[in-house]
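To keep things clear, I will list the structure first and then write my remarks on it.
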Amino acid sequence: MPSIRTPRNLRYLLLCLIGASVLIAAPAAAGSAWSVAGPLVAPTAPTLGDIAADVPTTVALGYEPATQALQLRLDFNAAPSRNPIRVDAGIAQPDGTCVANGLSITIAAQDHMVTSTTTKTTQTWVPPRTEVGWSHSSRYPPGVGNWTYLSYDSWTMRYQWLHSIPGFWLQESHDVTSSEPDPTTHERVAGLSLAAADGVLSDTEVITNDATTIVLNFHSPLLEHASPTCVAVHVANRRAPFLLTPGSTLTTDAPAIQATQMPRTRAHRVGHRLHLRLHGRARSIQIRIGTRSTPPLHYASALSLQLGSKAPTSIAVRFKSGGKWSPWRTVPVSSSRSQR
């Protein structure tokens, strides 16, 4: 049976179309968005001396995986002073406190320098002076101006003249560049650190002196796994932080699973492995051990994870169903001896 030969250009076109269809069919890996926002609760510590009038009132902290961007917004009841501010994001505790889980942002203030260029004119007095000139005539000096005949040089057969140049003022213009603080604006310089990650993300924003809102932006894919449930804002002269706890949280990514509908979880450790037993329904599960979180895992009734050198006494779990994540829930870890 004779073979069918495909022209080379046609085969190349078919391969390109097949490759393009594979790329189109492959879905892009999407991360998990998280956000926590709401009013801040003022500390209730006793007052010692004066307290600054400018206090933070609301906070919004959120991560968008599409742009790998984290944004922090702080609102104050008055224009904040230039004292340092620290924002710690963490995990809410049953007693209403917020335990930092490695995401911390420090905010400092400094002058915003503006550069200006001006033109300055200076005057310099040039004193009078004289110079000697030569010519071949006793009647005609070597140039125009005030020349006085002096003598005749027989060796060179030239006539010597003396020229008097009067003094004058010399004007010169030059540009002067200077940097000075802007009287109407200043800079907020922020650094973001993340546990188990080296380096610091930084952002500098210029705001007006009477602004009551500070907005900062950071970019990194590692911020996806922070997923805090509370925020603590530390300001100067206040011993305790201003807290945003789940009781006052307004999240843009509200969980779809209610607490009563979350699968029941039991965790125990055998050697260096963590075993989980789950009872309920969900699509995905995510586990946080210390400051590290697993990627979203497929839900199963039993899961097993390899542990590090440190044995945790508790873990945090959350579930996803219907496209929304539930709040993080703390689960105690029991230990048992390895059985052969």
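None of the figures in this text is laboratory data; all of them are computed from the coordinates on show. Since this is a predicted model, take the numbers as computed values, not measurements. Cβ atoms come from the backbone with ideal geometry, glycine included; neighbour counts cover every protein chain shown.
Here are the numbers for this structure:
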{"quantity": "Additional length obtainable on full extension of the chain from residue 195 to residue 51, 0.36 nm per residue less Cα span", "calculated": "48.6 nm"}
{"quantity": "Residues with amide H under 5 Å from that of residue 229, placed H, sequence gap 5 or more", "calculated": "90, 91, 92"}
{"quantity": "Difference of contour (0.36 nm per residue) and Cα-Cα distance, residue 113 to residue 33", "calculated": "25.1 nm"}
{"quantity": "Value of relative contact order over the range 259-336, rounded to a whole percent, pairs C-alpha under 8 Å and six or more apart", "calculated": "35"}
{"quantity": "Under 12 Å from residue 320, Cα to Cα: aspartates and glutamates that are on another chain or at least 8 residues apart", "calculated": "253"}
{"quantity": "Mean-position separation - Cα centroids, the range 63-133 and the range 176-241, in angstrom", "calculated": "9"}
{"quantity": "Coil-residue chymotrypsin sites (Phe, Trp or Tyr not before Pro) of the range 116-203, DSSP, other Cβ within 10 Å capped at 16", "calculated": "155"}
{"quantity": "Loop-located trypsin sites (Lys or Arg not before Pro) in the range 65-136, at most 12 other Cβ atoms within 10 Å (DSSP)", "calculated": "none"}
{"quantity": "Computed E for residue 180/residue 130 - FRET, C-beta separation, R0 51 angstrom, nearest 0.05", "calculated": "0.60"}
{"quantity": "Positive minus negative residues near residue 266 (Lys, Arg vs Asp, Glu; Cβ under 14 Å)", "calculated": "+4"}
{"quantity": "Length-normalised contact order for the range 117-175 - Cα pairs under 8 Å, 6+ apart - percent", "calculated": "49"}
{"quantity": "Per-residue ³J(HN,Hα) for the range 223-229, Karplus 6.51 cos²θ - 1.76 cosθ + 1.60, θ = phi - 60°, Hz, x for Gly and Pro", "calculated": "6, 4, 8, 5, 6, x, 10"}
